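The values are calculated or read from the model by the stated rules, or taken from the named source; none is laboratory data. A quick note: this is a predicted structure, and the numbers were derived from the prediction, not measured. When we count neighbours, we look across all protein chains shown, and the Cβ atoms used for this are built from the backbone with ideal geometry, even at glycine.
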Amino acid sequence: MEIHSAARRLMVVLSRRSILHLLLRCHLLILFLQSADGTANSSAGRSGSLSLDALAKAKKALQLKKELSGKLKRLPADPQFSPSINMLPGTCSGLNVPQRPAKAPVLCLDAQGREIDEHGNVISMTKPSNLSTLKVNINKQKKDAFQIIKPGLESLAKSTVHFDERMGINPTKLLRPKRPGFQFIEEGKLSRQAELQRIKNQFGEAQAKELKVKQAHLAEAKVEADMNPKLIEIAPGGRPPKQKQKEEIPDIEPWDSKILISATYEDISLEKLNMDKITIYVQHPEPLEPPAKPMTPPPQPLKLTNNEQKKYRTQRRLATEKDRQEMIRQGLLEPPDPKVKMSNLMKVLGAQATQDPTRMEMEIRAAAAEREQAHVDRNTARKLTPSERRKKKERKLFGDPNDTLDCTVCVYRIRDLSHRRFKVDVNARDNRLTGAAVITDGVSVVVVEGRKQSIKRYNQLMMNRIDWAAAAVGGKDNAADEPDRQVNSCALVWRGSVVKPAFPRWFGVRKCLSEAAAKKLFVDAKVAHYWDLAVNFSEDSSC
């Protein structure tokens, strides 16, 4: 057994075929040397010397012996077995070369189909683990081994101080649910449900069921009429749609269950209330709009003409005066003092005026002066201060400054603006308009933004007050002399209302060397379409 184990250790280092071949060659050389020694002794008497061939073979055998011993010395040392060249055949007969088995191995199986050895033990048939080095297989193994660990929401929520179990919040539902797919609703389904609900509320559940059956029959008849006869009918099947389970109406509301000891509203008294739950804190519910259509707005009052307004004003004053006279007649108001003047002195006072006319005249003049002073005081009280007068005038000229929705835009196209640029610039500043005016070799564009009153005055300037034909170089006479030359003109390209002005201020009149530089001013204000409208505008198409 020891020799066999040593041979196995030796065959691990050298292959089986090479070691057998080497051992056979050594055995043959040793036998040859033994035979050569015997023949040499027998022929000593005859020749007395070895032949040259025998010496060459002996040297070759010794060289092979040295090489084999050197290879065996390089093997790892084993205390149980230390091979040497002396263990070769002829010098050491202990080393047995393993031979092939005489019979082929027999496959033995048990009742369950497992492979067993000669002693009845089950032979394990475990396959080696997949040691693939491909990147795809490595990534797949990592993905299979990776596990998504969901956070422990229940323990995390209950561990905090602010968690209230009475709120009925399920912590496991805090994760985002899976997004549902599209659920298509057939046409008319919601209207039919609303009609059923209305009939159920008005006539009862029995009438609603009858209407539901009738609608089902009508739907079937419509489907049969619209069915294509070339289609093949498929048996109904598939999974029925999931219907959300409706919540039952509780006998008592959850916010009242904490206060009421009994679970009903039948008998409510102070003895059956849990007073510990009632605190000083008041919970105000969020006000909600009623689920109904909004009311229609009231009708707008009619616009009255000037004559109608004067007539209603007179009638209103007469009615007020009649009411005052009726209250004086009933004694609810004191009658006013008579308005005595020097012209009606004798008519009003009569005999009193003749008794002391000087005193009466002084009293009448004092009363008249008092009335006049009261009139002056009332006018002074109604008079506006200088700042209020200024604001009123500005509001009349430029409109209400608080009205942010009043913003009108006008875009003008002028062939030559070089000779009227001062009027265009000064009037835009005086009317408090925003925008810009651009002059190029081919065309000039003016864009103004402001309130209706200011835009109305500026439009009057641009379209009527300025004579653009006389503003050209040389005036009308030159234009008449040169019929091929185009007459200078101004055209309103576009006018409309916008939400807010695009230009923060009036940029004045600017002269640009190219159309690209002129357009850049409008591009920076995000109104490049104003320039495109003006450049592409044709006076023939506007007519």
- Query: Which one of these does Val223 not meet: (1) at pLDDT 80 or above; (2) outside any loop (DSSP other than H, G, I, E, B)?
  - Reply: (1)
- Of the criteria (1) assigned by TED's automatic domain parsing to the domain that holds Ala518; (2) free of Cβ contacts under 8 Å to residues at least 40 places away in the same chain; (3) assigned to a loop (DSSP other than H, G, I, E, B); (4) not aromatic (Phe, Trp, Tyr), which one Gln460 fails: (3)
- Task: Look at Pro287 and say whether it is under 30 Å from Trp255 (Cβ atoms) and either surrounded by 10 or more Cβ atoms within 10 Å (Cβ to Cβ) or modelled with pLDDT under 95 (or both).
- Result: yes
- Query: Is one or more of the residues making up region 315-327 assigned to a loop (DSSP other than H, G, I, E, B), of a type in the set (Lys, Arg), loosely packed, with under 11 Cβ neighbours inside 10 Å and at pLDDT 90 or above?
  - Reply: no
- Query: Lys339 passes all but one of (1) of a type outside the set (Asp, Glu); (2) under 59 Å from the mean Cα position of the chain (by Cα); (3) not assigned by TED's automatic domain parsing to the domain that holds Ser454; which number fails?
  - Reply: (2)
- Query: What helices (runs of 4 or more DSSP H) lie completely within region 487-543 and have 1 or more residues being assigned by TED's automatic domain parsing to the domain that holds Val445, in contact with a strand residue (DSSP E or B) (Cβ under 9 Å, 6 or more places away or on another chain) and without any contact (Cβ under 8 Å) to a residue 40 or more places away in the chain?
  - Reply: 515-524
- Message: Any residue at all in region 361-377 that's assigned to a helix (DSSP H, G or I), touching a strand residue (DSSP E or B) at 6+ places or on another chain (Cβ under 9 Å) and of a type outside the set (Phe, Trp, Tyr)?
- Response: no
